[in-house]
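The values are calculated or read from the model by the stated rules, or taken from the named source; none is laboratory data. Small disclaimer: the values here were computed from a predicted structure and weren't measured. Reconstructed Cβ throughout: ideal geometry from the backbone, glycine too, with neighbour counts over all protein chains shown. Accessible surface areas use protein heavy atoms only, side chains included; no ligands, DNA or RNA. Shrake-Rupley method; radii C 1.70, N 1.55, O 1.52, S 1.80 Å.
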Amino acid sequence: MTARGGTAERTASSSSASRVDAIKLERVTVERGGRDVLHELDASVAAGRVTGLFGPSGSGKSTLIRAIAGVQSGVRGSISVLGERPGIMAVRRSLGYMTQEPSVYDDLTVAENVRYFAAIHGGQIGPVLERVQLSSHANQLVRNLSGGQRARVSLAAALVGRPRLLLLDEPTVGLDPLLRRDLWQLFGELAAEGSTLLASSHVLDEARHCDEVILLRDGRLVAQLTPKELSDRTGTDDLASAFARTEFQVVQFFPLVILPQLLLCGLLVARDRMPSVLHAISDALPLSYAVDGMHHLSRQAGTGGAVSADIAIVVGFAAGALVLGAATLRRQTD
């Protein structure tokens, strides 16, 4: 079974059933260092599915995962994890959490690290080491491993108790493409066995392995949808490009709106010197009225302010268009 096939099978098998959310976020805001780094997020993670949390570095992915795990301060809003408040003992017993930096002991072997967590959460270390492809390194000190191998030791520690919910913060960072593919296949298998996974990444192409994706940018929710819906909405199978289009699909039309008005409003060529057709078009442009008004005011005040007035018109119009477009984009993607 490939990871992609597994995702398709899980999606098909669950589409007819009512959705059950393992995680639910309502107006979640996180303050850190005196400023809000997450802004009123509303999202959910379906039980028994692989949900990807995607966004560029600094978008708030790790902060959100810490809030869900119950280890982040400054959280406002409502977070429900397996039907309970995050961080309480009942939730912690059912939670596996892989941090972005490997949270294992350098002076212990691979097997000793996983055995330590198995003593806390239960489980057997042999099958877990095999699943993360570390059986042959079981007796090596963690300090002697590569960065990717250390990350897999952390993943094994999170998996050993067979948790109902797995929070994985950048689990594939630093791994080669084949190992990344194998891990996403493992995540699909765990979901098929009944676990719920929330895995973050800044590599948008990995979204194809997920049942659903949550897209963050600057601490705000851009969209929550399936990879297919993202591709259909943006008209591309390149998910990295799709993310960019989701963010900038309104902004990309700004030149088509602004340039004709700048050319025909009378700033560059006097309107009375234009051909009749262009003059008629100019009469219908909002910027033309602004230019005429500013020129009238500048003539009343003296000619010295004409250039300044023209510059103010251009800057003000461009700023207004950007604000309007950003507001439209926010409304479409929230």
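Could you tell me whether any residue of the range 184-198 is under 16 Å from residue 60 (Cα atoms) and touching a helix residue (DSSP H, G or I) at 6+ places or on another chain (Cβ under 8 Å)?
Applying the first criterion (under 16 Å from residue 60 (Cα atoms)) to the range 184-198 yields 198.
Adding the requirement that they be touching a helix residue (DSSP H, G or I) at 6+ places or on another chain (Cβ under 8 Å) leaves 198.
Yes, the range 184-198 contains at least one residue that is under 16 Å from residue 60 (Cα atoms) and touching a helix residue (DSSP H, G or I) at 6+ places or on another chain (Cβ under 8 Å).
Taking the range 178-210 only, how many residues are over 19 Å from residue 127 (Cα atoms), in a loop (DSSP other than H, G, I, E, B) and modelled with pLDDT of 95 or more?
Residues meeting the conditions: 1.
I'm checking my understanding of the structure. Among residues of the range 50-87 that are of a type in the set (Val, Ile, Thr) and assigned to a strand (DSSP E or B), which one is nearest to the chain's Cα centre (by Cα)? Walk me through how you get there before you give the answer.
Residues of the range 50-87 that are of a type in the set (Val, Ile, Thr), as a first pass: 50-51, 63, 65, 68, 71, 75, 79, 81.
Now narrow it down to the ones that are assigned to a strand (DSSP E or B): 50-51, 75, 79, 81.
Working: 50: 14, 51: 11, 75: 19, 79: 18, 81: 20 Å.
Here the answer is 51.
From the list 175, 129, 166, which one is at pLDDT 95 or above and outside any helix (DSSP H, G or I)?
Values: 175 fails: at pLDDT 95 or above; 129 fails: outside any helix (DSSP H, G or I).
From the options 175, 129, 166, the qualifying one is 166.
From the list 97, 105, pick out the single residue that is farther than 21 Å from residue 198 by Cβ, open to solvent by 60 Å² or more (accessible area, probe 1.4 Å) and of a type in the set (Ser, Thr, Tyr).
Numbers: 97 fails: farther than 21 Å from residue 198 by Cβ.
One residue alone meets the criteria, 105.
Here's a check for you: in the range 201-235, which residue that is among the basic types (Lys, Arg) and without any contact (Cβ under 8 Å) to a residue 24 or more places away in the chain is surrounded by the fewest Cβ atoms within 10 Å (Cβ to Cβ)? Outline the logic, then answer.
The first filter runs over the range 201-235 and keeps only residues among the basic types (Lys, Arg), leaving 208, 217, 220, 228, 233.
Applying the additional criterion that residues be without any contact (Cβ under 8 Å) to a residue 24 or more places away in the chain yields 228, 233.
On the way: 228: 12, 233: 14.
Only one residue fits best here, namely 228.
Residues are listed down the side, and each one gets a yes or a no for (1) open to solvent by 80 Å² or more (accessible area, probe 1.4 Å); (2) in contact with a strand residue (DSSP E or B) (Cβ under 8 Å, 6 or more places away or on another chain):
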| site | (1), (2) |
| --- | --- |
| 88 | no, no |
| 166 | no, yes |
| 177 | yes, no |
| 180 | no, no |
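Out of the residues in the range 140-157 that are touching a residue at least 12 places away in the same chain (Cβ under 8 Å) and part of a loop (DSSP other than H, G, I, E, B), state the one that is least open to solvent (accessible area, probe 1.4 Å). Give the steps one after another, and end with the answer.
Pass one, the range 140-157, residues touching a residue at least 12 places away in the same chain (Cβ under 8 Å): 140-143, 145, 147-157.
Among the residues that remain, those that are also part of a loop (DSSP other than H, G, I, E, B) are: 140, 145.
Working: 140: 68, 145: 17 Å².
Filtering the range 140-157 for residues that are touching a residue at least 12 places away in the same chain (Cβ under 8 Å) and part of a loop (DSSP other than H, G, I, E, B), the one least open to solvent (accessible area, probe 1.4 Å) comes out as 145.
Could you say which residue among 28, 20 is over 26 Å from residue 203 (Cα atoms), β-branched (Val, Ile, Thr) and either open to solvent by 40 Å² or more (accessible area, probe 1.4 Å) or at pLDDT 95 or above (or both)? Spell out the reasoning first.
Working: 28 fails: over 26 Å from residue 203 (Cα atoms).
Answer to the selection: 20.
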